[in-house]
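Reading through the structure tokens given below for one structure.
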Amino acid sequence: MDRYTFYQGQVGSDEDGALDIQSDGRVVHCTPYLLQLGLTKSRTSLVWIAGPLSGLIIHPLIGVIADRSRSRWGRRRPFMLGGALVVAFCLLLLGWTSEVVGWFAHDIEKEQKRNYTIAVAVLAIYGVDFAISAVQACCRSIIVDTLPISQQQLGSAWATRMQAIGSLIAYIVGSMDMVTTFGTRFGDTQFKQMTVVAAIFLVAAVLVTSYSVKERVLIAARGADEKNGFFQVIAQLYRTTMDLPPQIQAVCWVQFWAWIAWFPFLFYSTTWVGETYFRYENPESVAKSSDTLGDVGRLGSLSLVIFSSVTFLSSVLIPFGVRSPDSNSKRANFTSRPPPRMAALLRRFKKIRPNLQTVWFLSHLVFAGTMIFAPMARSLKFATFLVSVCGIPWAISGWAPFAFMGVEINKLALEPPSTPLPTATMITSTTFRTHGYRPIDSVERDVEMDVLRLNHRTGDEDSDDESSSGAAAGATTTTSDIASTGELAGIYLGVLNVYTTLPQFVGTFISWIVFSVLEPALPPPPENDDPTQPIQGSRDGTWMNLDSDGPNAIAVCLFIGALSALVAAEATRRFKAVTAVRQLPIYD
Ligand SMILES: OC[C@H]1O[C@H](O[C@H]2O[C@H](CO)[C@@H](O)[C@H](O)[C@H]2O)[C@H](O)[C@@H](O)[C@@H]1O
């Protein structure tokens, strides 16, 4: 990997790491917090629907709006920064909800104050989720926008690495006793301090990215005559979703089936690991424990730490052993000159390296082959082992679809439009680092000189100076050698996110059916009358099925997920069949 990829890939994905700190933290720590504020357990699920809802609505909407944005600060940065500030504000509001409500509502009844506090906390969570979707949409698009096609795979791999680091930091921060370590300067509870850490990480990462990444200013987009109103945006989204290019459609379908597979794993694996221990290995310990729910969580958390570590290691190591989707390019094949003895070995290794489609295909099989054993797990060790192995396919599933989308989206910008469009895409680059932002009128003055050559630049040119670019018009080049414009990155990644979030609703529905059929008599874990006290597990285990001979609903959900992963594998195989490195003519 060269400096360019490292730099752009890493900073372009830094905020993904920060995102994961906040999103993992919210799942592990927010539910007890909301319960403590007095929200009933059944209603917490209505709160967590904010995640998929925002991904379904906000991610694609911001994608389209940012694609069309002609801001002098670039198309993605204003949304990233604005979104990050809203997230930071909402996170702090979430941490200090009781205090904030106390400032505004003095003379009201305790019960009413409690209701206001819950309402503000829930609003803050929705604020976090909706704003984070905007940040997520833009930080994913900026990778597609800025990296050349040949480096899309590496850029996505770095994003996955940063996410994995973010998850690990979240677990470490969450397991530290922060109040004892740092005192009460940043809040008098662990939860408050975690919101401060998450807010600082996110804003810092977005600032670093905004400062470092060269973003292009859009001067006039294809179809620039179209209005930018709400209905036009929705119409464009609808048209694009209904008329996806086949390659992108194929990636979206893989994602759809893969997320039906991942949904039960991501939502229930922690509980499943803990439950396996109490149900099959040591049922007597339920009677001894005064906090079964907490014990289940602790056992599950350990498995998640191992899972995250495996994900991190896989995301660091696996990309070295995988051929890029556009391995024809000079850049994709570039490696620094190794010592002669190593050279032959490396050449042989490069020849046998599988490509990304194969690795993605195998990752679904590994997930399926692992989770198919879930109904047979009878010990904590085996359940933890199964969860840990899934860290490998999880690393690949966070990387492969975005790498393919990055390549395909940028190839699209190079293809001749099927219908003549009113204006050309005109984008010029701008950066904080080298010369700061130019006023928009000066940008407009030199548009014609440098902008129209954008699609002709080769991926090997890092320079800001676009006038030095240009293959001869009419020549033929491989798509991989061409720099990206990411013209429609926002909208296509938004559509991919629709295919990521819809299966989460399907997954919720499947789980609901399975739980209703297999464990209908079980009440939910008991709620606590005193919200300031930790949740107590039931001594007789009534919320947990301790019948070791009966069907295990979570394991069945995981098994269904494994079957869906097999469908995802087949969809990946088909995608592989239609993927071929194309030779595109360069056109003016
Ligand atoms: O429904 C919750 C969220 O689900 C997706 O995000 C999660 O998966 C991503 C990998 O595809 C990962 O990058 C992210 O950190 C996870 O939270 C979806 O992309 C989100 O829009 C949605 O809110």
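The values are calculated or read from the model by the stated rules, or taken from the named source; none is laboratory data. All values reported here derive from a predicted model rather than from experimental measurement. Every residue, glycine as well, gets a Cβ built from its backbone with ideal geometry; the counts of neighbours run over all protein chains shown. In case anyone asks, the SASA skips ligands and DNA or RNA and just uses the protein heavy atoms, side chains included. Shrake-Rupley method; radii C 1.70, N 1.55, O 1.52, S 1.80 Å.
With open to solvent by less than 30 Å² (accessible area, probe 1.4 Å), modelled with pLDDT under 90 and small (G, A, S) as the only criterion, which of G223, G155, G187 stands out?
G223
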Subject >> Pairs with Cβ under 6 Å, 6+ apart, first in the stretch 490-501 and over 16 Å from V407 (Cα atoms) and without any contact (Cβ under 8 Å) to a residue 40 or more places away in the chain, second more than 12 Å from the ligand (Cβ to nearest atom) and in a helix (DSSP H, G or I) >> reply: none
Original post:
Any chance the stretch 209-218 includes a residue that's under 27 Å from S303 (Cβ atoms) and of a type in the set (S, T, N, Q)?
Top reply: no
Subject >> Residue that is nearest to the ligand (Cβ to nearest atom), among those in the stretch 377-392 that are without any contact (Cβ under 8 Å) to a residue 60 or more places away in the chain and not aromatic (F, W, Y) >> reply: L386
**OP:** Go through the stretch 254-285 and count every residue that is within 16 Å of the ligand (Cβ to nearest atom) and more than 21 Å from V389 (Cα to Cα).
**Re:** 1
Original post:
Within the bounds of the stretch 102-117, is there any residue that is charged (D, E, K, R) and open to solvent by less than 30 Å² (accessible area, probe 1.4 Å)?
Top reply: no
**OP:** Could you figure out which of (1) within 16 Å of the ligand (Cβ to nearest atom); (2) touching a Leu at 6+ places or on another chain (Cβ under 6 Å) isn't true of T195?
**Re:** (1)
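Which one of these is away from the ligand (no atom under 12 Å from the Cβ), farther than 20 Å from I62 by Cβ and not in a helix (DSSP H, G or I): G174, G187? First the steps, then the outcome.
Working: G174 fails: not in a helix (DSSP H, G or I).
Sole residue among the options that is away from the ligand (no atom under 12 Å from the Cβ), farther than 20 Å from I62 by Cβ and not in a helix (DSSP H, G or I): G187.
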Original post:
Got a sec? Which helices (runs of 4 or more DSSP H) wholly within the stretch 1-79 have at least 2 residues that are at pLDDT below 90 and open to solvent by 30 Å² or more (accessible area, probe 1.4 Å)?
Top reply: 3-25, 31-37, 41-48
Original post:
Given the conditions (1) within 16 Å of the ligand (Cβ to nearest atom); (2) surrounded by fewer than 20 Cβ atoms within 10 Å (Cβ to Cβ), which single one is not true for V179?
Top reply: (1)
**OP:** Would you check if there is a residue in the stretch 77-91 being within 27 Å of Q193 (Cα to Cα), in contact with a helix residue (DSSP H, G or I) (Cβ under 6 Å, 6 or more places away or on another chain) and within 12 Å of the ligand (Cβ to nearest atom)?
**Re:** no
**OP:** State whether one or more residues within the stretch 343-363 are open to solvent by 60 Å² or more (accessible area, probe 1.4 Å), within 27 Å of F256 (Cα to Cα) and modelled with pLDDT of 90 or more.
**Re:** yes
Subject >> Those residues of the stretch 364-381 which are in contact with a helix residue (DSSP H, G or I) (Cβ under 7 Å, 6 or more places away or on another chain), farther than 18 Å from W259 by Cα and assigned to a helix (DSSP H, G or I), in sequence order >> reply: P375, L380
Subject >> Tally, over the stretch 373-392, of residues that are within 25 Å of the chain's Cα centre (by Cα) and of a type in the set (A, V, I, L, M) >> reply: 4
Original post:
Tally time: how many residues in the stretch 297-320 are farther than 17 Å from A374 by Cα and open to solvent by less than 20 Å² (accessible area, probe 1.4 Å)?
Top reply: 5
